[in-house]
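Here, each number is a calculation from the coordinates, and none is a lab measurement. In this text, all values refer to a predicted model and were calculated from it rather than measured experimentally. Cβ: placed from backbone, ideal geometry, glycine included. Neighbour counts: every protein chain shown.
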Amino acid sequence: MGNTNRRTFMKSSAMVAGAAAIAAPSVVLGVRGANERIRVGMVGLGGRMMSHIGSLAGIAQSDNVEIAAICDCDQSKLDAATKTYPDLAGLKLAVYNDQRKLFDDKSVDAVSFSTQDHWHALQTIWACQAGKDVYVEKPPTWCIWEGRKMVEAARKHGRMVQIGTQNRSSPNVVEGMQKLKEGVIGKLYMARGMTYKMRGNLGKHNPRPVPEGLNWDAWVGPAKMVEYSNFNHRRWYWIENFASGDVANQTVHDIDKIRWGLGLENHPVTVMSMGDRFAPGEDDDADTPNTQAFMCKWEGHKVLVTFEFRHWYTNSEAGMRDKYPFVAENQCVGEIFFGSEGYMIFPDYSSYYTFLGPKNEPGPFKTAGPGIEWRNESVPHFRNWVSAMRSRKHEDLNADVEQGHLSTTVCHLAKISCKLGRSVHFDPKTERFVNDPEADKYLKREYREPYVVPEVV
C-alpha cells in the first residue's frame, strides 16, 4: 500500500488496538446466540492464511462473524496485509506484532492460526488459557506429547479447537465415508495413502542479517535458535527444528481420512517405517526425508494401513493424477480403500469414486469438478467451527483437537520409526512406547525459554 494509506491503516489500527484492551468481551461464556457476533483474530500472515481470511470473509454476513484483528511478528506482512488479503480492505482491524497481546484483547473471541508447525501447540494452549476458541492448521503438533497437552487445554478451559483437516467438512468426502460404512465395497481390509508431489532440490542454508521489522526470536519461538537465512524462513517445512517434513504435512490429511474411513479411533500399536533424502534432494540442506514409506497396525482391527510419499518423478496410482487430477500438475495425492467387493479412491478434497467386482466396474461416485474444491475447500470447515462456538459442544466439531492428535500421532510414530531404523510398539493408553526408552526420548522436545509448552495447562 502507499505511504499515505499505510499511515492511515496503521494509525486507525493502533487506535482500535488500544481500545480493545479495555473493551468488554463481545460474548459471554456459554451458548452464543445466533444474533451475537463472533470476533476472530488472525495470526500468521503467510500463504495459507489466504484460505482462512477468504473463508471467514465469505461467511461473515451469513454467520455473523467479524475478522477483528491480525497479528504477525514480521512488520512487512502487517504493512502489506490489505494488499495481500483484499478481503481485509475496509475492515477496522486491531494490529499486533505480538500474539500474546492479541490473546489479552478481551474483544476477540477466537483465534485462527496459520503459523509454523513448531508453534501450533504452544499458541493454541495460550489462546485456550486466555479464553479464546481456536482454529489451527495441521499438523497441530511437532511431537506426540504436545497433542495430549492441547487436548487437555481445550477440555480444561472449555474451548472449541478445530484442526485444519478440512476434508472432515467436505460434503462429498462425508458422503464417500458414509458409503464405506454402508458396505459399498464390502468388508474393508486395507487402506493406502500417498503423496507424490514435485519438491526437487530445496537449496542451501545461506546465513544473512535478519530483515528489518522481523522479530526472529518470536518466529523461532519454542524451537532451537538458529541463524536467520531465507532457507530457514522459506523452507521451514523440511527442517526438523521447525517441522516434521512431509511425513506430517500433506500426510496428516491422508491419515486422517484413512482413520475415519476404517473407524480407527485410537493410536496404532505397531508402526514400521523407512526413508531418507534421495536424488534430487540428497545434497540440499533440508534434513527430513523426501522419500518414505510406512505401515501401521491397530489392535482389535484386522486392517492394514500403508503410506508413501516421494518428491520427484513418479507413476500415478488408481488413476489418481492422470485420470482424476489433484489441484496441481504432476501431483498424485489421495487414498485407496480396499474391500471384499471392490475399492474406493479419494483423489482430492471433494471427490470419491468406487470400482466394483473383478472388472472394476464403476460404482457410486461424487465429484465437485476440477479446481472447485481448491477454491472452496475450507469454507464448510470454518462454518462448522463457528457453529460449534455457538453450541459450546466440542462434539459438534468435525475435526476436534482429539481427532487431530490421533491422526498426527500416526505421523510422528512413522517419523520416530524411521529415525530409529526399526519398528516401534506403542501403548495407546499411556501414549508411551512399550519398554523402549530409546523411542520415548522422541515423545517430547526441548523448549527454548520462555516459549515452553507447560506440563499443567
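Straight-distance candidates among the lysines for linking to residue 187, with alpha-carbon spacing under 25 Å and chain neighbours fewer than 8 residues away dropped: 179, 257, 297, 302, 359, 366. Protection proxy ranking, highest mean first, for peptides 37-43, 61-67: 37-43, 61-67, where packing is the per-residue count of other beta-carbon atoms within 10 Å, averaged. Between the C-alpha center of the range 35-65 and that of the range 419-450 there is a gap of 37 Å. Within the chain, DSSP assigns beta bridges of which about 60% are antiparallel (rounded to the nearest 5). Distance from the C-alpha centroid of the range 248-283 to that of the range 204-229: 29 Å, rounded to the whole angstrom. Taking 7 Å steps out from each Cα toward its Cβ at residue 80 and residue 230 produces label points 1.3 nm apart. Using the alpha-carbon atoms, what tilt in degrees (0 to 90, nearest 10) does helix 379-391 show relative to the longest principal axis of the chain? Taking Cα atoms only, the helix is inclined about 70 degrees. From the Cα gyration tensor of the range 113-220, with a ≥ b ≥ c the square roots of its eigenvalues, which class applies: rounded if a/c is under 1.5, or else prolate if a/b is larger than b/c, or else oblate? It comes out oblate by the Cα gyration axes. From most to least packed by mean Cβ count within 10 Å, the peptides 406-415, 429-438 give 406-415, 429-438. Using only the Cα atoms of the range 261-370, build the gyration tensor, take square roots of its eigenvalues as a ≥ b ≥ c, and label the shape rounded, prolate or oblate: rounded if a/c is under 1.5, else prolate if a/b is larger than b/c, else oblate. Taking the square roots of the gyration eigenvalues as a ≥ b ≥ c, the range 261-370 is oblate. Checking the cross-link filter: which lysines have an alpha carbon closer than 26 Å to that of residue 156, excluding same-chain neighbours under 8 positions apart? Partners within reach: 101, 106, 132, 138, 393, 429, 444.
Once both labels are positioned 7 Å from their Cα atoms along Cα-to-Cβ, the gap between residue 327 and residue 152 label points is 3.4 nm.
The H on the amide N of residue 304, modeled in the peptide plane, is under 5 Å from the matching H of 190, 191, each at least 5 residues off or on a different chain. Angle check, please: helix 144-156 long axis (alpha carbons) against the longest principal axis of the chain (alpha carbons), in degrees 0 to 90, nearest 10. So the inclination is approximately 60 degrees.
3J(HN,Hα) couplings calculated from phi for the range 261-270 with the Karplus curve 6.51 cos²θ - 1.76 cosθ + 1.60 (θ = phi - 60°) are, in sequence order, x, 8, x, 8, 9, 8, 6, x, 9, 9 Hz; Gly and Pro show x. Within the set (1) 66, 55, 52; (2) 67, 49, 43; (3) 68, 61, 60, the number that Cα extents along the principal axes in Å takes when calculated for this structure is listed as (2).
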